Amino acid sequence: MDLNEEIARLKRERNAVVLAHNYCRGEVQDAADFTGDSLELARRATQVEADVIVFCGVYFMAETAKILNPGRKVLVPDPSAGCPMADMITAAQLRELKAKHPGAKAVCYVNSTAEVKAECDICVTSGNAEKVMRAFAPDEEILFVPDRHLGSHIAGLLGRSYTLWPGYCPTHQIVTAKAVADARAAHPGAPVLVHPECAADVRAAADHALSTGGMCRFARESAAPEIVVGTETGILHRLRKENPDKAFYPVSDRAVCPNMKKNTLQNLCESLREMRVEVEVPAETADRARRAIEAMLAVA
Ligand code: 13P
Ligand code: SF4
C-alpha cells in the first residue's frame, strides 16, 4: 500500500484529522485535511471533532492546538521540529522584562512557547496582529515578544512605539531588500508580497507585508498574472495549486524553514500508526496560556 493510502486508512481507523501549515512540504499539505496559516490553524483546532489531531508544522503550533483542545490527543510526527524564534525568549526572561515595566501589557506572537504565552495578556498572529493591537488604548505601554520585526511592523502601522524583544526568524532573514530589488527587476510589474517577519528594509522594499493566509487571499483576489513572494518557499505549492493560471516566484529559493521540512509523509504515517509523539502541556501552564490565546480569538 502506498503511503498516501495508508495515511488515509489510518486517519479513518484512528478518527484523526491532519492539520498542516502552509510551509510544509507539498506532499504533506496534500495529505492534510486542512492547510493554513497560524491563525487559521488555531481556529480550525477549536472546531475539530475527531479524537486525534496530527499537527504537521512546528511545536508551538501543536501546543496551541493542544491548549485549545485539552481533551483530545494531539500528535506531532517529529517533536524536534521547533521554531528557533519561539525559543529566543524564556518565561523567566519575560518575567524579568515585566518586572522592569510594571503595569505594561505583555503581548506575544503566537510563535512562542506555552510557558511564555502563560505570562502574557494576549497573543497575536501575523494574520490578526494589526486588529488585536488596535484594541489597546493609545497610552497603554506594550511589551511585544519575541519577534522584533512583526512588533516594529505593527507599531509602525499604528504610529506606536513598543518595547520589542530582539527575536527574529532565521529563515526570513534570508529574504533581503537586495533580493527583493533583484526579483522586481526580473519580474517587472509583479506585486511583491513579503511576510511581516522580514526586516524593516525588506518590508519597505515590498508592496505588502502579509501572513501566509493573507498571501493566499491576495493571490486569489489579485488580477496580477505574476506575483513575487518573499517568505518560506513551502507556500509556493499552495499558491500554484490554487492559482494554476498565475505564476509565483520566490524572492529567495533559499528561504527554507528546516523545521517545517521535518514533517514528511513517512513520519506522518508512522505518527498515525504508532499514535505518537503526543503533545502534553501541564494543566496550569495550559490554563494560563489559553487565556492569552482565547483573548486573541475573541478580538480577531
Ligand atoms: P503565518 O501565521 O503567516 O503562517 O506565519 C507562521 C510562521 O511561522 C511564519 O514564519
Ligand atoms: Fe519559526 Fe521562522 Fe520556521 Fe516560521 S519560518 S516556524 S518563524 S523558524
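Any read-out appearing in this document is the output of simple, stated calculations on the displayed coordinates, not a laboratory observation. What you see is a predicted model, and the numbers here were worked out from it, not measured in a lab. Glycine gets a Cβ as well: all are built from the backbone with ideal geometry, and neighbour counts include every protein chain shown.
Points worth noting:
- In summary, the stretch 38-77 shows an alpha-carbon radius of gyration equal to 0.98 times the 2.2 N^0.38 Å reference for compact globular proteins.
- Added length on full extension, which subtracts the Cα-Cα distance from 0.36 nm per residue, residue 217 to residue 186: 8.8 nm
- Couplings for the stretch 234-251, taken from phi via the Karplus curve 6.51 cos²θ - 1.76 cosθ + 1.60 with θ = phi - 60°, read x, 4, 4, 4, 5, 4, 6, 5, 7, 10, x, 8, 10, 10, 10, 10, x, 5 Hz in order; Gly and Pro are left as x.
- Gaussian network model of the chain, Cα within-10 Å springs - most flexible of 136, 55, 144: 136
- Fully extended contour minus Cα-Cα distance, from residue 163 to residue 283, at 0.36 nm per residue: 40.2 nm
- Over 31 Å between alpha carbons, listed pairs 105/241; 131/241; 73/246; 66/105: 105/241; 73/246
- Cα extents for the stretch 1-143 along the principal axes, largest to smallest and rounded to whole angstrom: 59, 28, 28.
- Highest-MSF residue in the chain out of 127, 214, 71 [GNM, Cα springs under 10 Å]: 71
- Taking the chain as a whole, the Cys residues whose C-beta sits 4.7 Å or farther from every other Cys C-beta are 24, 56, 83, 123, 169, 198, 216, 257, 269.
- Separation between Cα centres of the stretch 179-222 and the stretch 93-156, rounded to whole Å: 25 Å
- Restricting the calculation to alpha carbons of the stretch 44-109 gives Rg and Dmax of 15.0, 44 angstrom.
- Helix content alone sets the calculated 222 nm mean residue ellipticity of the chain: runs of n ≥ 4 DSSP H residues at -39500 (n - 2.57) each, divided across all residues, give -12500 deg cm²/dmol.
- Relative to its Kirkwood radius, the Cα radius of gyration of the stretch 169-300 gives an Rg/Rh of 1.06.
- Normalising the Debye intensity of the chain to I(0), with uniform scatterers on Cα atoms only, and taking log10 at q = 0.11, 0.14 Å⁻¹ returns -0.65, -1.04.
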